[in-house]
1. Which of the following residues is farther than 21 Å from Ile51 by Cβ, modelled with pLDDT of 85 or more and in contact with a helix residue (DSSP H, G or I) (Cβ under 7 Å, 6 or more places away or on another chain): Ser251, Ser210?
2. Counting only residues that are within 29 Å of Lys224 (Cβ to Cβ) and among the polar types (S, T, N, Q), give me the helices (runs of 4 or more DSSP H) lying completely in region 1-114 with at least 2 of them.
3. From the list Ser141, Ser149, Ser182, pick out the single residue that is touching a helix residue (DSSP H, G or I) at 6+ places or on another chain (Cβ under 7 Å), within 22 Å of Ser210 (Cβ to Cβ) and polar (S, T, N, Q).
4. Between Ala130, Ala156, Ala151, Ala138, which is hydrophobic (A, V, I, L, M, F, W, C), at pLDDT below 90 and either surrounded by fewer than 18 Cβ atoms within 10 Å (Cβ to Cβ) or in contact with a Cys (Cβ under 6 Å, 6 or more places away or on another chain) (or both)?
5. Please enumerate the residues belonging to region 169-200 that are in a helix (DSSP H, G or I), surrounded by 20 or more Cβ atoms within 10 Å (Cβ to Cβ) and either free of Cβ contacts under 8 Å to residues at least 12 places away in the same chain or under 12 Å from the mean Cα position of the chain (by Cα) (or both).
6. Are any of the residues in region 175-182 aliphatic (A, V, I, L, M), at pLDDT 85 or above and out of contact with any Leu (no Cβ under 7 Å at 6 or more places or on another chain)?
7. Restricting to region 63-78, name every residue that is touching a residue at least 60 places away in the same chain (Cβ under 8 Å), under 18 Å from Gly10 (Cβ atoms) and among the charged types (D, E, K, R).
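The values are calculated or read from the model by the stated rules, or taken from the named source; none is laboratory data. What you are looking at is a predicted structure, and each value in this text was computed from that prediction instead of being measured. Here Cβ is always computed from backbone atoms with ideal geometry, including for glycine, and neighbour counts include all displayed protein chains.
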Amino acid sequence: MPEPLIELKGVSKTFGSQIVLDSVDLTIYRGEALAIIGPSGTGKSTILRIIAGLTAPDAGDVYVLGQRRRGLIEDSEDPIGIGMVFQQAALFDSLTVNENVGFLLYEHTSLPRYRIEDLVNQRLEMVGLAGIGDRYPAQLSGGMRKRVSFARAIMANPENPKEIPEVLLYDEPTAGLDPIASTVIEDLVRQLQAVEEGCSTYVMVTHQHSTIRRTADRIVLLYKGKISWEGKVHDIETTDNPLVRQFFTGSIEGPIQVIG
């Protein structure tokens, strides 16, 4: 069996009176490509933020390589690096691409600028954006901004190997992109999984059918705060689960309640 990297056990989260996650158990294994799917507002982004250590669960525990995480990511160091690619790229508009990608190193290391620039250029080449380090986010297309955020997510301090991300978390990486730009991003996700300095394990939150089919090996469907279905990509075609059938056909008829 593959090694469990991250385990959620009985994780619950409530915002006000809304139960977003309800005693969720989830295991992420080394080397897998996991997609978390489901209707809007079912806790998919919240579960990513809990995995990343950016949000604390109200109940339950998170284990990383078998070690129980205490508090948030700034409270204690995880035994593996976990990087996150946010839905809107979350780049600093006033900084160049070079400064965005190298932000962690500029702010938290004593590496000389030429060394940081060299590392930034390596990451930009990995995402197919060599030579754009002096541009600003406003000068980039949506797909290019996404790729810059990928480069930033896999950047780490070479003086501390523990910081090198082993797991990447993607929050809707193809949202708002045209089909061709989406294909570029989907291919890049798989390429970063395969290269030595990429991340062999990732978790993807997405609504896009092409992204699910092209980037995932295993799928879990969240609905009403619980994991309601789990399977492989090829199981999409054969499952009788009414939630999965409705989600992938886009039908308004079925157990998933249509808001509005």
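1. None of the other options fit; the residue is Ser210.
2. Those helices (runs of 4 or more DSSP H) span 44-52.
3. Result of the check over Ser141, Ser149, Ser182: Ser182.
4. Selected residue: Ala130, the only one of Ala130, Ala156, Ala151, Ala138 that is hydrophobic (A, V, I, L, M, F, W, C), at pLDDT below 90 and either surrounded by fewer than 18 Cβ atoms within 10 Å (Cβ to Cβ) or in contact with a Cys (Cβ under 6 Å, 6 or more places away or on another chain) (or both).
5. The one that is in a helix (DSSP H, G or I), surrounded by 20 or more Cβ atoms within 10 Å (Cβ to Cβ) and either free of Cβ contacts under 8 Å to residues at least 12 places away in the same chain or under 12 Å from the mean Cα position of the chain (by Cα) (or both): Val189.
6. Quick first cut of region 175-182, residues aliphatic (A, V, I, L, M) only: 175, 177, 180-181.
Now drop any that are not at pLDDT 85 or above, which leaves 180.
Among the residues that remain, those that are also out of contact with any Leu (no Cβ under 7 Å at 6 or more places or on another chain) are: 180.
There is at least one residue in region 175-182 that is aliphatic (A, V, I, L, M), at pLDDT 85 or above and out of contact with any Leu (no Cβ under 7 Å at 6 or more places or on another chain).
7. None - no residue of region 63-78 is touching a residue at least 60 places away in the same chain (Cβ under 8 Å), under 18 Å from Gly10 (Cβ atoms) and among the charged types (D, E, K, R), so the list stays empty.
Let's see how each residue does on (1) among the small types (Gly, Ala, Ser); (2) farther than 18 Å from Ile82 by Cβ; (3) surrounded by fewer than 21 Cβ atoms within 10 Å (Cβ to Cβ):
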position	(1), (2), (3)
Pro2	no, no, yes
Ala35	yes, no, no
Ser45	yes, no, yes
Ile51	no, no, no
